[in-house]
Protein chains: 2
Amino acid sequence: MKIERLTAESRKNLLEDLLKRSPNQYGQYEERVQVILNRVKEEKDQALFAYTEQFDHAKITAETIKVTEEEIQEAYTQVDESLLEVVRKALKNIESYHAKQMQYSWFDSKPNGTMLGQKVTALQRVGVYVPGGKAVYPSSVLMNIMPAKVAGVEEIIMTTPPGPDGKVNPTTLVAAHEAGATAVYKVGGAQAIAALAYGTESIPKVDKIVGPGNIYVALAKKAVYGHVSIDSIAGPSEILVIADETANPRFVAADLLSQAEHDELASAILVTTSEDVANAVNKEIEGFLKVLSRSEIIKKSLENYGHILLAETLEEAIETANEIASEHLEIVTKDPYQVMMKIRNAGAIFLGEYSSEPLGDYFAGPNHILPTNGTAKFFSPLSVDDFLKKSSIIAYSKEALEAVHKDIETFAEAEQLTAHANSIKVRFPED
Amino acid sequence: MKIERLTAESRKNLLEDLLKRSPNQYGQYEERVQVILNRVKEEKDQALFAYTEQFDHAKITAETIKVTEEEIQEAYTQVDESLLEVVRKALKNIESYHAKQMQYSWFDSKPNGTMLGQKVTALQRVGVYVPGGKAVYPSSVLMNIMPAKVAGVEEIIMTTPPGPDGKVNPTTLVAAHEAGATAVYKVGGAQAIAALAYGTESIPKVDKIVGPGNIYVALAKKAVYGHVSIDSIAGPSEILVIADETANPRFVAADLLSQAEHDELASAILVTTSEDVANAVNKEIEGFLKVLSRSEIIKKSLENYGHILLAETLEEAIETANEIASEHLEIVTKDPYQVMMKIRNAGAIFLGEYSSEPLGDYFAGPNHILPTNGTAKFFSPLSVDDFLKKSSIIAYSKEALEAVHKDIETFAEAEQLTAHANSIKVRFPED
């Protein structure tokens, strides 16, 4: 990779470059997605069967669309025992981290006769989308389902495209069952999102849809937003590493490549204060590229969106990281905790040289579904919050309302909402 | 109003009827909104000036687009002293309620050398949209700005359309200044949303846009979602009252009308177990309609979306309320607290006969920007949460990673992400 000196100019170009990967730029697919959504809304199951035949080359029917208990049991026989064991260990960590995010209702009553509160309720039914295709990511299944489970969602409906044999990948099924999905349906793409948003004869309408997917899935989720809730719109994966002269170049190189392997739009950026580290990382990358199985993808994503940037100071590196707002941020410096305190924008932050990014993808416990493409400036990792909602509670006694009723009437009348004012006045006709 | 017996059939029809008011049904305006968004993205300030002349019949320039300190001071001379006093009292209540919603970073370190955490950060810059037109709602200004302020947002940028004289309504300005807006710009409609989402020479790009608006504003917000964050998409206002035989029909009638006066799409629904209360409320409504200034609007909204429903049991009333998921829910029964515990879906819940809905609109403290049109099933009231975001924190010691490194490698290899596995392996080459 070329090693670039960080300047205001290079920073601006870099940011613009990265934003080009945004799923918000794919307007040309919107119409095709809308056609799919409308057809599923109208024809329901029939549309799902037709699209699954067209896109997934699989025949499904009202009898086979839902994964059966037998299919789940069969899947268990096909999954490696050692993987199952790791899945169970990871689930324990994921559950324990997410349990700390739980929020509870609160109520606050005052001697003046007022009670205010906030009631926290879990969503009742949610949909989890799991992509199909050659790549199978059981870890994503765990990460999508577990926060809903911890929040107390009663029904967790998963959809995923079947293979041409009409079967769901066994590892996906086992992961879903272990994490606690209540039903799995064999549908993928925009048609699955439509089914979850509007409901069909087979698939019940949900309150919220989460889970990553291709551009059709992302656009479909965006289109149904408001009708149901959705999680953030996922873009290509990213890593940014802040490293000083103490960093181990071999570790840094390996971590950059771990994100670059995701796809050709993935971005891997090193920002370092040390020219020696920059050169050494570059050399290690070359070495790894000779041996890694996905080196063709890695080469392309490094070419497109890979950068090694030299910062004058650690402050400058931190500022750059905050501007880019990377999905994953590794801090490999003498005192990573101090640097972390100055980070405003990042999906997940990894501290020190033994907190490699894949540790977070698979095992540590925090969610690996993270805001991408600069959206860490305003979005959060998928969490228990995503599956909870709140209602405000207001209770005033007669005395408490009486003490302030003129104030409320004044305010309502200033807004010319006289029926609002009237609803207070009727309660104190003698005043 | 007609008094209807609640049945499965009437409930289904009612729900379908209410959903027709959804802002998601206005596809025909989408193209016009997109034209506005694109033009502002391209021409920036120039487009804002042109649209403001076209839609608001006001001339604004780079010099006058931002409200000046002098304009704010002038506004104070035009606002009634007693209203200002009430605004300040309300603000105190709003601030104190929202302060209870604040969330803080947490970190959890274990003796095994792991530290996991969640860092909470306020958004840096947010946009607040305030509608213009004849109606002026200073209460909305307070409710939009205060949660951002409590969260610790540094820059709170407000936009609102100017009158034909190029001025912003003085009450709006004073409310914005009291609540803590850091800048106010004279732009409205979809063009204001575009300016906040993309930035122009005058108006800085924000991270999130909140605030109600007409259908153009709602569609523009939906279109820029993902590029920035937005709050829920606001639909017409709603109230549902659950009343038993203990309810005061005069109070209930007045409260129903207080929401019906908002606009012709507003919905006011009484669900009662008492036929006497149903009849008495109906009679009181007739009386009020003769004296209320906005009775023409009220009549239309009652005709369109007003209902008096008779429930067999309180349980049935509760179920109906949960299905409708009303923006405002009043519980006027013998034991409103018990009923409240069974409510899953509602924006704000008002308990007992002295907790009239306008108390919440203006004064009590909880936010009056609430999920409408059934979205209380998955959205929450506007809150401090809306202006905070989270980053996960992961730190493992060498020993902690060493103890689990094989597990992570197994998982990564099962997903065929060999560069992920490699990033763990390089750290333990001797194993």
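Numerical summary
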{"item": "Check on residue B:377, within 8 Å of chain A (Cβ to nearest Cβ) and more than 23 Å from residue B:146 (Cα to Cα)", "result": "yes"}
{"item": "Leading residue by the ranking (surrounded by the most Cβ atoms within 10 Å (Cβ to Cβ)) among those in the range A:339-362 that are free of Cβ contacts under 8 Å to residues at least 12 places away in the same chain and farther than 21 Å from residue A:379 by Cα", "result": "A:359"}
{"item": "Residue match in the range B:94-112 (condition: surrounded by 15 or more Cβ atoms within 10 Å (Cβ to Cβ), at the interface with chain A (Cβ under 10 Å from one of its Cβ atoms) and of a type in the set (Gly, Ala, Ser))", "result": "no"}
{"item": "Some residue of the range B:239-247 being surrounded by fewer than 22 Cβ atoms within 10 Å (Cβ to Cβ), aliphatic (A, V, I, L, M) and either more than 11 Å from chain A (Cβ to nearest Cβ) or in contact with a helix residue (DSSP H, G or I) (Cβ under 7 Å, 6 or more places away or on another chain) (or both)", "result": "no"}
{"item": "Members of the range B:308-338 that are surrounded by fewer than 16 Cβ atoms within 10 Å (Cβ to Cβ), charged (D, E, K, R) and under 25 Å from residue A:396 (Cβ atoms)", "result": "B:334, B:335"}
{"item": "Tabulated pairs, the range B:217-236, first within 9 Å of another protein chain (Cβ to nearest Cβ), second of a type in the set (Phe, Trp, Tyr), C-beta under 6 angstrom, 6+ apart or interchain", "result": "B:229/A:378; B:232/B:379"}
{"item": "Single match in B:380, B:391 (criterion: of a type in the set (S, T, N, Q) and under 27 Å from residue A:341 (Cβ atoms))", "result": "B:391"}
{"item": "Complete set of residues in the range B:237-254 that are part of a loop (DSSP other than H, G, I, E, B) and more than 21 Å from the chain's Cα centre (by Cα)", "result": "B:244, B:245, B:246, B:247, B:248"}
{"item": "In the range A:59-93, the residues that are assigned to a loop (DSSP other than H, G, I, E, B) and either small (Gly, Ala, Ser) or within 12 Å of chain B (Cβ to nearest Cβ) (or both)", "result": "A:62, A:79, A:80"}
{"item": "Evaluation of residue A:305 against (1) closer than 30 Å to residue A:214 by Cβ; (2) within 14 Å of another protein chain (Cβ to nearest Cβ) (one fails), failing number", "result": "(2)"}
{"item": "Checking residue A:143 against (1) closer than 20 Å to residue A:207 by Cα; (2) more than 24 Å from the chain's Cα centre (by Cα), the condition it does not meet", "result": "(2)"}
{"item": "Looking only at the range B:272-307, and only at residues there that are farther than 17 Å from residue A:419 by Cβ and buried (at least 16 other Cβ atoms within 10 Å of the Cβ), the one that is modelled with the lowest pLDDT", "result": "B:307"}
{"item": "Count of the range A:113-125 residues which are more than 8 Å from chain B (Cβ to nearest Cβ) and at pLDDT 95 or above", "result": "4"}
{"item": "Count - residues of the range A:102-142 that are part of a loop (DSSP other than H, G, I, E, B) and either outside the structural domain of residue A:89 (by TED's automatic domain parsing) or under 30 Å from residue A:57 (Cβ atoms) (or both)", "result": "8"}
{"item": "Single residue of A:188, A:199, A:180 found to be more than 22 Å from residue A:383 (Cα to Cα), surrounded by fewer than 24 Cβ atoms within 10 Å (Cβ to Cβ), among the small types (Gly, Ala, Ser) and assigned by TED's automatic domain parsing to the domain that holds residue A:91", "result": "A:199"}
{"item": "Where residue A:329 falls short, out of the listed (1) under 31 Å from the mean Cα position of the chain (by Cα); (2) more than 10 Å from chain B (Cβ to nearest Cβ)", "result": "(2)"}
{"item": "Failed criterion for residue A:257 (all others in (1) in contact with a strand residue (DSSP E or B) (Cβ under 6 Å, 6 or more places away or on another chain); (2) assigned to a helix (DSSP H, G or I); (3) within 14 Å of chain B (Cβ to nearest Cβ) hold)", "result": "(1)"}
{"item": "Breaking point among (1) part of a helix (DSSP H, G or I); (2) at the interface with another protein chain (Cβ under 7 Å from one of its Cβ atoms), for residue B:337", "result": "(2)"}
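This table checks each residue for (1) facing another protein chain (nearest Cβ under 7 Å); (2) touching a Phe, Trp or Tyr at 6+ places or on another chain (Cβ under 8 Å); (3) in a loop (DSSP other than H, G, I, E, B); (4) among the β-branched types (Val, Ile, Thr).
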| residue | (1), (2), (3), (4) |
| --- | --- |
| B:364 | yes, yes, yes, no |
| B:373 | no, no, yes, no |
| B:389 | yes, yes, no, no |
| B:407 | yes, yes, no, no |
| B:427 | yes, yes, yes, no |
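The values are calculated or read from the model by the stated rules, or taken from the named source; none is laboratory data. For clarity, every value in this text was computed on a predicted model and none was experimentally measured. Note that we place each Cβ from the backbone using ideal geometry, even for glycine, and neighbour counts take in every protein chain shown.
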